[in-house]
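Some notes on the structure that comes next.
The values are calculated or read from the model by the stated rules, or taken from the named source; none is laboratory data. All of these numbers come straight from a predicted model, not from anything done at the bench. Glycine also receives a Cβ, built like all others from the backbone with ideal geometry; neighbour counts cover every protein chain displayed. For the accessible areas, the whole protein counts, side chains as well, though only heavy atoms, and no ligand, DNA or RNA atoms are used. Shrake-Rupley method; radii C 1.70, N 1.55, O 1.52, S 1.80 Å.
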Amino acid sequence: MNSILVTGGAGFIGSNFIRHAFEKSGFKGRLVNLDKLTYAGNPENLADMARACKGRYVFVKGDICDFKLAGRLFKKYKFDAVVHFAAESHVDRSIFGPKDFVETNIHGTFALLEAARSAWTGRKDVRFHHVSTDEVYGSLGPKGKFKETTPYDPRSPYSASKASADHLVRAYRHTYGLPVTISNCSNNYGPYQFPEKLIPLVILNAMEGKPLPVYGDGKNVRDWLYVEDHCAAIWRILAKGRPGETYNVGGDCEMKNIDVVRSVCAALEELLPSPENPALRGRNYENLITFVKDRPGHDRRYAIDFSKLRRRLGWRPSVDFAGGILRTVRWYLDNPGWIKNVRTGAYRKWLKRNYS
Ligand code: NAD
Ligand code: DAU
């Protein structure tokens, strides 16, 4: 691969992926990051990469729904791979405002597929990788795991929009022969995650002595994967995966939400003991746990069988939850400037100065 288009590279997983590509994968070519910089996109996540990889890293502020822009970028940079992360990604937001999810996740994916089809006619030495979610498979009872063959049963506007995008990607394979791959991954956590998702929200609230909101009875189950492992899996699929294939990605780490929140509290007790944190005013972190109204249509359990990826491409997670959560909590403790900018929206001013 000489020229890669990454979409949504200023977000959580996309920025970790770009870091992985430049620092760990051995990639020597050029990488273009196309990102609209919504509330979730933050070029500060990659400011050091942009400096270190000058000439090889190009940032383009733009919307994936913009057909003309996508076409121009394919023409100018002659991509031989696309790694498509850009999406509206937060389930709660999709419940209260689904429109942007339909626009970006469905129409945006369609625009990119069209640009790739037109630029790559007849080529087999190229790849379009779509980064998708395990939520397309629906919700599990107490037993069983999602396999690549599990029928789709999306239940939130977010997962329905991602399922639609997956179907479009497969349709472009079957109809036009576009060399595509799809990965369906479980919940990621790690550095640079926007503090609306459970783990960073709980870390930041706990640091500040605020309530830790747990939806419903706290017994909904998710599978957790450290973000760097997800990035390594995507790179492996890009390099070795077979066109037309789907790969599940997971952490072998099913946990109830309440146990995830307790683990964050325990990691904080280790790294910043509650008696030493003035925001706690004599309480400990677990005292902050507060059960709140449940998410509408809250999926009960996700669990993912990633044996195909392990068997065929030799990938497995390398970071366990205990180690990953310590690394994650430490990263947030070590980066108060990032937190302040994200919380106050100060990075938007920085954006305006640098990218408008
Ligand atoms: P994120 O919300 O942190 O980042 C999304 C990025 O996409 C942001 O930089 C945003 O500015 C950009 N973006 C949004 N709309 C855009 C548009 N119209 N044009 C261009 N850029 C746009 O998301 P994330 O958590 O990093 O997730 C990345 C991808 O991985 C998504 O496709 C998501 O569905 C998928 N995924 C996420 C998880 C998870 O646990 N976070 C798990 C499995 C799959
Ligand atoms: O499974 C993969 C998906 O994981 C990705 O496709 C999504 O982009 C990503 O956002 C994530 O979706 P979830 O809804 O599982 O993540 P979230 O962090 O929002 O919530 C995790 C669990 O915690 C879920 O059961 C809801 C619960 N929760 C969440 C928040 C924000 C709480 O109990 N309290 C909260 O405040």
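In the set (1) more than 26 Å from SER15 (Cα to Cα); (2) not in a helix (DSSP H, G or I), ILE182 fails one condition alone, (1). Any residue in segment 33-45 that is in a helix (DSSP H, G or I) and over 18 Å from the mean Cα position of the chain (by Cα)? Looking through segment 33-45, none of the residues is in a helix (DSSP H, G or I) and over 18 Å from the mean Cα position of the chain (by Cα). All of ARG170, ARG155 fail the test of being away from ligand 1 (no atom under 12 Å from the Cβ) and part of a helix (DSSP H, G or I), apart from ARG170. Checked against (1) within 18 Å of LYS197 (Cβ to Cβ); (2) in contact with a strand residue (DSSP E or B) (Cβ under 8 Å, 6 or more places away or on another chain), TRP331 passes all but a single condition, namely (2). Residues in segment 66-108 that are within 24 Å of GLY29 (Cβ to Cβ) and β-branched (Val, Ile, Thr): VAL82, VAL83.
Restricting attention to segment 300-323, does a residue exist that is under 19 Å from GLU196 (Cβ atoms), among the β-branched types (Val, Ile, Thr) and in contact (Cβ under 8 Å) with a residue 12 or more places away in the chain?
Keep residues of segment 300-323 that are under 19 Å from GLU196 (Cβ atoms), which gives 302.
Checking which are among the β-branched types (Val, Ile, Thr) leaves us with none.
No, that holds for no residue.
The listed residues are ALA21, ALA10, and the only one of them that is closer than 15 Å to CYS231 by Cα and assigned to a loop (DSSP other than H, G, I, E, B) turns out to be ALA10.
With respect to LYS99, is the statement that it is of a type in the set (Lys, Arg), within 14 Å of ligand 2 (Cβ to nearest atom) and more than 19 Å from the chain's Cα centre (by Cα) true?
So LYS99 does not fit the description; no.
Can you tell which of ARG117, ARG19, ARG56, ARG72 is more than 16 Å from ligand 2 (Cβ to nearest atom), among the basic types (Lys, Arg) and without any contact (Cβ under 8 Å) to a residue 12 or more places away in the chain? Just a single option satisfies the conditions, and that option is ARG72. Please enumerate the residues belonging to segment 18-43 that are among the charged types (D, E, K, R) and in contact with a Gly (Cβ under 9 Å, 6 or more places away or on another chain). Residues satisfying the conditions are ARG30, ASP35, LYS36. Just give me the residues in segment 199-226 being open to solvent by 10 Å² or more (accessible area, probe 1.4 Å) and touching a strand residue (DSSP E or B) at 6+ places or on another chain (Cβ under 8 Å), in sequence order. Listed by number, the residues that qualify are LEU201, ASN205, PRO211, PRO213, TYR215, GLY216, ASP217, LYS219, VAL221, ARG222, TRP224.
More than 14 Å from ligand 1 (Cβ to nearest atom) and of a type in the set (Val, Ile, Thr): does that describe VAL126?
Judged against the criteria, VAL126 is a match.
The combined condition, being in a loop (DSSP other than H, G, I, E, B), farther than 19 Å from VAL261 by Cβ and of a type outside the set (A, V, I, L, M, F, W, C), is not fulfilled by GLY337. There is at least one residue in segment 40-49 that is free of Cβ contacts under 8 Å to residues at least 60 places away in the same chain, within 16 Å of ligand 2 (Cβ to nearest atom) and within 25 Å of PRO191 (Cα to Cα).
Please count how many residues of segment 154-182 are more than 14 Å from THR104 (Cα to Cα), without any contact (Cβ under 8 Å) to a residue 60 or more places away in the chain and aliphatic (A, V, I, L, M). The total comes to 1. Scanning segment 139-156 for residues that are open to solvent by 80 Å² or more (accessible area, probe 1.4 Å), over 15 Å from SER186 (Cα atoms) and not β-branched (Val, Ile, Thr) yields a total of 4.
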